[in-house]
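Since every read-out is calculated from the coordinates, none of them should be taken as a lab result. Since this is a predicted model, take the numbers as computed values, not measurements. Glycine also receives a Cβ, built like all others from the backbone with ideal geometry; neighbour counts cover every protein chain displayed.
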Amino acid sequence: MKSPLAAEPWRSEALAHLSGGESLEAGLTLDLDEALRYGRGLLVVTDRRLLARFPGRTEWQEWPYRRGLQLLHHDHAGVGGLELQDESARLGGWRFTIGNNPAALRLVDAFERQLESHLTGRPAERPEEDACPKCGAPLDGEGECPVCAREIHAPPSTRTLLRLGRFARPYRWPLFWGFVLTLASTAAAMVPPYLSMPLMDDVLIPYQNGKPIDVDLVMLLLGGLLGAALVAWGLGWARTYILSLVAEHIGKDLRTVTFEHLMGLSLEYYGGKRTGDLMARIGSESDRICQFLSVQVLDFATDVLMIAMTAVILFSISPWLALVTLLPLPFIAWMIQLVRDRLRNGFEKADRIWSEVTNVLADTIPGVRVVKAFAQERRETQRFRAANAINLTVNDRVNRVWSLFSPTVTLLTEIGLLVVWAFGIWQVSQDQITVGVLTAFLAYITRFYTRLDSMSRIVSSTQRAASSAKRLFDILDHVSSVPEPASPQRLPEVKGRIELDDVAFRYGNRSVLRGVDLAIAPGEMIGLVGHSGSGKTTLVNLICRFYDVTEGAIRLEGIDIRQLAVADYRRNIGLVLQEPFLFFGTVADNIAYGKPEATREEVVAAARAAHAHEFILRLPQGYDSLVGERGQGLSGGERQRISIARALLIDPRILILDEATSSVDTETEKEIQKALDNLVRGRTTIAIAHRLSTLRKADRLVVMDRGRIVEVGNHDELMAREGAYYRLYQAQARNVDVEETGEDLPRIEHKAKGQ
Amino acid sequence: MTMDTDYQLTRNAFGRLVLTTAAGDVCEGVVPVRAFPIAAPGEGISLVGPDGHEAGWIERLDQLPAPQRQLVEEELGRREFMPQIRRIRSVSSFATPSTWQVDTDRGATSLVLWGEEFIRRLGKSGLLIEDSHGIHFLVRDINGLDLASRKLLDRFL
């Protein structure tokens, strides 16, 4: 077996300090010193002792194994710590940033194994080799998966727009034809100035010199002009139509794919995002990309073609004059390049500020009752005004650069024309070119420079589109923290046996759950109790796999749930939340949400079992009544019973009730309780309830406190024990508010509810 | 639960703080926690016992007698970790996730920024930057940074 430590950077340093025959078991890079300043140190476990080099120092310290030694691990706010102590005193302590935590935990493991073996004389058992819980690749010594880490930390490419190619691929034939049409229509538009040459040299100038006008020639030339214009019009129409069509399709695909991806992301992602921002990304950003593809890229392509063709024609007519005409081009190109960077930053900034404005809206409008109740309308207006003011300043700054840009291009155009006039007149006077040639040149380059001007606009629209694309790809590049396994295991018939094996969960730098062990038998009802913030909802979220455990494993029927396809797994779970969410649609649709193919009989049966049937019939349109975003027109208890019917209909083996009855009055609670009794029957149930009385029927109660399970047992046992449950119960029986711990609620718990 | 002077705060052999209140209750392993770590670091320090309950409350740190204040400050120094960014040396990209090389009051290090939304504004000119491990980096005053750092930072604001 290849040692997992083989590739460690600190390995050679550590090996130099081992004596002969001593073997290296685990190591930890310390990146902080005692005073929490950054510095490199090393802590190593061998088969004989614990070795340490403190950060910033060169000498090593050692502690050979002996009875009473203890290595304690703790972490707080992004800093992990290890303390070595014996029965009487603390011997040493080390600090590291939380990124090294897995390595530290492995080190503690190794320490305990080696100490045990040293004391008992039995050889230490080898630990299993660690594998990444996400992708199964072996972990490196720091406990990070090299594959996942690389994916996550690589920034998206700056050439984001090219990535839109993935969405253009299905439309490559229409795109090809669009390009051909562009080519043809541009060529047709090149004809008129060319015809002005013979018109001048063969008709007008001879007439001035006394020759009569050749009517046939004039008719021919004018006919050519008209024909060219008509052809250019027809081709232009076809090209614009085809390409706009394609762009719309790409826009549609982009939106759909982004939304689809968004739906696949875990709750963790939603926890960190604001609704307004996500809505803006999918709505207006994709629209902007679409605009860019259909109008701006098209124009730009035409412009480039036009310039190339014009250049060829000009050179074929008069190389010298052409050279003078094209001279300002590189200069303008350079200027465009110069401004490009500034504008891009400005536009990105403007976008970010814009979502700030929408965020104020998304915050205030749903919370308008609170705003009004506390009479803070003025303050919210102030906040909105402030966001708007920032928006204005940022845009002002961008516009200052931008507004200077266009007139400068125009000025350069005029100067260019001046140069051509001057050089042209000189050449005419030298009889090197005819007046017709000069006229044609002037006609060409007037268009030519106009195109340059409009081309310079592509700078800003490309940048805008690129930043839009970046923000969309930000979503698309986000790897779900609840990944689908590469080769999911097939789920056998689910009976509802769930095991939690040493589960730990960390949210940000907060350790929310630690060392949770629990085996739940099929059909058993578990009641989770504890103060708010004790980790109940987090535990339930982990069981639903809204998040993945940080350490340990959750198993269903003996299979790690991370090895099951997410949808397959969740199909077996029915969830009833404190605040049921009803989608816009009919009552029947809402009940059948988890099983859209359900028959009407099934829907009614589920509603009956959930004690919802009768009140539904009292609604004006019965099961076809529309319910709004949050089920307007229905009371809390009614909405709750609809959501219970929803859970009943999918007939899940596992049922999770998260404070299902706590937002309603006692009378309604009884109704709901009856409905729940129907639901619970024969299913593995995990119920969280603030009112302990609602958990009477639970087979076992699990008491949680600050992320740990502190007591397990049924009501009578726990009462007899007079522990944490007893105190909770007494507090409620006395109708005194349950004392709150000093710890606040982790944010995710709020986010997870009612979504 | 205001703290009077008639209590004892000591450190035991295991390096833990021991609080003995006026009533004679002994609480071993209390941990000082600032209530307003950013807005008012010197005011409102709670002494939290190992059971997670508040065992004592210090109104103002500078009102403590010197030896006890030193104990509290030592303990805070060992627990609190919010490096203050002094300078941003470089960033790997302006698109996130982006790796920053920074100088902090605790030495040079690097941090990975997930996205712009992990930069939180504090008041008028302060920033709180959360890295991919959930460690918070503080910028007390943007205007106090040098021009190059400000320019880099500006791309993310």
Test item: A:348-360 mean partner chain Cβ contacts at 10 Å: 1
Under 5 Å, built H, 5+ apart or other chain: amide partners of A:Ala687: A:Ile526, A:Gly527, A:Leu528, A:Leu657
Per-residue [θ]222 nm for chain A (sum of -39500 (n - 2.57) over DSSP H runs n ≥ 4, rounded to 500): -17000 deg cm²/dmol
Inverse of mean 1/r across different Cα pairs in the stretch A:196-348, Kirkwood, Å: 21.0
Ranked list, fewest to most other Cβ atoms within 10 Å of each Cβ, for A:Ile445, A:Ile365, A:Ile353: A:Ile365, A:Ile353, A:Ile445
Inter-chain shielding of A:35-47 (mean C-beta neighbours from other protein chains, 10 Å cut-off): 2
For the stretch A:635-734: relative contact order, % (alpha-carbon pairs under 8 angstrom, 6 or more apart): 21
Rh by Kirkwood over Cα pairs, then Stokes-Einstein D for chain A at 0.692 mPa s and 37 °C, µm²/s: 100
³J(HN,Hα) computed for each position of the stretch A:692-698 - Karplus, 6.51 cos²θ - 1.76 cosθ + 1.60, integer Hz, glycine/proline x: 5, 4, 6, 9, 3, 7, 5
Amide H contacts under 5 Å for B:Arg87, placed H, 5+ residues apart: B:Asp103
Which listed pairs, of A:Lys252/A:Lys349; A:Lys252/A:Lys372; A:Lys595/A:Lys674, have C-alpha distances above 32 Å, in listed order: A:Lys252/A:Lys372
Magnitude of the charge dipole, the protein assembly as shown, Cβ model with Lys/Arg +1 and Asp/Glu -1, debye to 20: 1720
Ranked list, fewest to most other Cβ atoms within 10 Å of each Cβ, for A:Trp402, A:Trp177: A:Trp177, A:Trp402
Ellipticity estimate at 222 nm from DSSP helix runs (n ≥ 4, -39,500 (n - 2.57)) divided over chain B, nearest 500: -4000 deg cm²/dmol
Test item: Cα-centred dipole of chain B, Lys/Arg +1 and Asp/Glu -1 on Cβ, debye: 820
Whichever aspartates and glutamates have a C-alpha closer than 18 Å to that of B:Lys124, once near sequence neighbours (fewer than 8 apart) are set aside: A:Glu356, A:Glu380, B:Glu116, B:Asp141, B:Asp146, B:Asp154
For A:Met704, residues with placed amide H under 5 Å, excluding near neighbours: A:Val529, A:Gly530, A:Val710
Cα long-axis angle, helix B:66-79 against chain B (0 to 90 degrees, to the nearest 10): 40
Shielding score for A:74-80, defined as the mean number of other chain Cβ atoms within 10 Å: 5
Alpha-carbon Debye profile of the stretch B:85-154, log10 I(q)/I(0) at 0.24, 0.26 Å⁻¹: -1.17, -1.41
Leading residue at positive end of dipole, the protein assembly as shown (Cβ point charges), from A:Pro192, A:Leu411, A:Val304: A:Pro192
Alpha carbon centroid spacing (whole Å) that separates the stretch A:22-74 from the stretch A:276-320: 62
Value of relative contact order over chain A, rounded to a whole percent, pairs C-alpha under 8 Å and six or more apart: 11
Helix runs (DSSP H) in chain A reaching 15 Å along axis by Cα, Kyte-Doolittle at least 1.6: A:297-317
Ranking of B:Cys27, A:Cys544 by count of other Cβ atoms within 10 Å, fewest first: B:Cys27, A:Cys544
Positive dipole terminus of chain A, leading residue within A:Ala553, A:Gly224, A:Met335 (C-beta point charges): A:Gly224
